[in-house]
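Reviewing the structure listed below.
The values are calculated or read from the model by the stated rules, or taken from the named source; none is laboratory data. Note that the structure is a prediction, hence the values are computed from the model and not measured. We place every Cβ from the backbone using ideal geometry, glycine too, and count neighbours over all the protein chains shown. To get the accessible areas, we keep the full protein, side chains included, count just its heavy atoms, and leave off ligands, DNA and RNA. Shrake-Rupley method; radii C 1.70, N 1.55, O 1.52, S 1.80 Å.
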Amino acid sequence: TGGEALLSVSDLHGWYGESHVLHGMAFDVREGEVVTLLGRNGAGKTTTLKAIMGILPKRTGSVRFGGTELIGEPARKIARRGIALCPEERGIFASLSVEENLLLPPQVKPGGLSLDRIFELFPNLKERLSSQGTKLSGGEQQMLAIGRILRTGAKLLLLDEPTEGLAPVIVQQIGATIARLKREGFTIVLVEQNFHFAASLADRHYVVEQGRVIDIIPKAELEANMEKLHAYLGV
Ligand code: ATP
């Protein structure tokens, strides 16, 4: 492999109040890579993304981004460094139109995509420009949610279960978009339970259980590890 990681997570612990849920998470992502965090419900994948973003206040260990330590920094400062989270609940505003939703995130860093570029990536959204957030299909809402974080200028995207609840044809569209973002140089951490979707996209898979990584499976070794993966995920 070689090359320094853009994001390097090591010995990451995290708590909700007294409840200790991350127990030494560790993984690396180099620039331009897509990696997945795979694991069952409650394994700690979402919490890991929140800890990276600084939304989980109680965390220890190390999260280095471009050589800078993020543990101890507040969420807004971390966002300004060029990391964006697309949450599982999508975080779009139901009462606002597609256009208003897209214009809402501030350009925290130069280099955020223009509306035209976002519509090039998601032609469906252009047709729905003045539709209210609530009137969108699940797939359109997910595209809007990803579109919004591309506005921020972030180069590292944390995507939390983007395919959840979506029809297979829409899942394919989201997959094609993620593949394109990778080709355009974005670095992506993808949380997924649908690993058939993730399989073709990711350079490497980190299997998460009880708040830590219990296995690492490079893309080339996926086929040979299929049975083991099924057992990990309980599918
Ligand atoms: P899921 O697919 O269900 O989101 P996950 O792997 O992302 O699974 P997390 O959501 O990170 O898992 O949850 C890790 C653990 O933390 C679980 O035991 C969960 O019950 C607990 N947890 C999650 N959110 C909270 C919260 N706000 N307060 C307390 N405990 C929480």
Take the alpha carbon gyration tensor of region 43-110, find the square roots of its eigenvalues, order them as a ≥ b ≥ c, and report rounded if a/c is under 1.5; if not, report prolate when a/b exceeds b/c, else oblate.
oblate
So how do Asp160, Asp11, Asp28 rank on accessible area, 1.4 Å probe, biggest first, that is with the largest at the start?
Asp11, Asp28, Asp160
Reachable aspartates and glutamates, given that their alpha-carbon falls under 19 Å from the alpha-carbon of Lys228 and they are not under 8 places away in the same chain
Glu192, Asp203, Glu209, Asp215
Global form of region 106-156, assessed from the alpha-carbon gyration tensor, a/c cut-off 1.5
prolate
Using heavy-atom solvent-accessible surface (probe 1.4 Å) with all chains present, what is the largest-first order of Ser200, Ser10?
Ser200, Ser10
Could you grab the relative contact order for region 80-208? Cα pairs under 8 Å, six or more apart, rounded to a whole percent.
32 percent
Above-threshold pairs, the threshold being 19 Å between Cα atoms, out of Lys77/Lys155; Lys50/Lys155; Lys182/Lys219; Lys77/Lys109; Lys77/Lys182
Lys77/Lys182
Ignoring ligands, DNA and RNA, what percent of the accessible area of region 131-235 is carbon or sulfur (1.4 Å)?
52 percent
Relative to the present Cα-Cα distance, how much length would full extension add between Arg183 and Gln132 at 0.36 nm per residue of separation?
15.3 nm
Simple Cβ-charge dipole of the chain, Lys/Arg +1 and Asp/Glu -1, about Cα centre, in debye nearest 20
620 debye
Computed for region 122-233: size of charge dipole around the Cα centre, +1 on C-beta of each Lys and Arg, -1 on C-beta of each Asp and Glu, debye to nearest 20, value 600 debye
GluC sites (Glu not before Pro) restricted to DSSP loop in region 165-223 with at most 16 other C-beta within 10 Å
Glu184
Any chance you could run the full-extension gain for Glu31 through Val235? It's 0.36 nm times the residue separation minus the Cα-Cα distance, nm to one decimal.
70.3 nm
Note down the magnitude of the dipole of region 85-159 about its Cα centre, charges +1 on Lys and Arg C-beta and -1 on Asp and Glu C-beta and zero elsewhere, to the nearest 20 debye.
180 debye
Taking the Cα centre of each part, how many Å lie between region 155-207 and region 1-62?
17 Å
Assign one of three labels to region 158-230, namely rounded, prolate or oblate, based on the Cα gyration tensor with a ≥ b ≥ c the square roots of its eigenvalues; rounded applies when a/c is under 1.5, prolate when it is not and a/b is larger than b/c, and oblate otherwise.
prolate
Over region 1-134, with neighbouring protein chains present, the accessible area per residue in Å² at probe 1.4 Å is 48 Å²
With each run of n ≥ 4 DSSP H residues scored as -39500 (n - 2.57), what mean residue ellipticity at 222 nm is computed for the chain after dividing by its residue count and rounding to the nearest 500 deg cm²/dmol?
-9000 deg cm²/dmol
q = 0.10, 0.11, 0.18 Å⁻¹: log10 I(q)/I(0) that the Debye formula gives for the chain, counting C-alpha atoms only:
-0.44, -0.54, -1.44
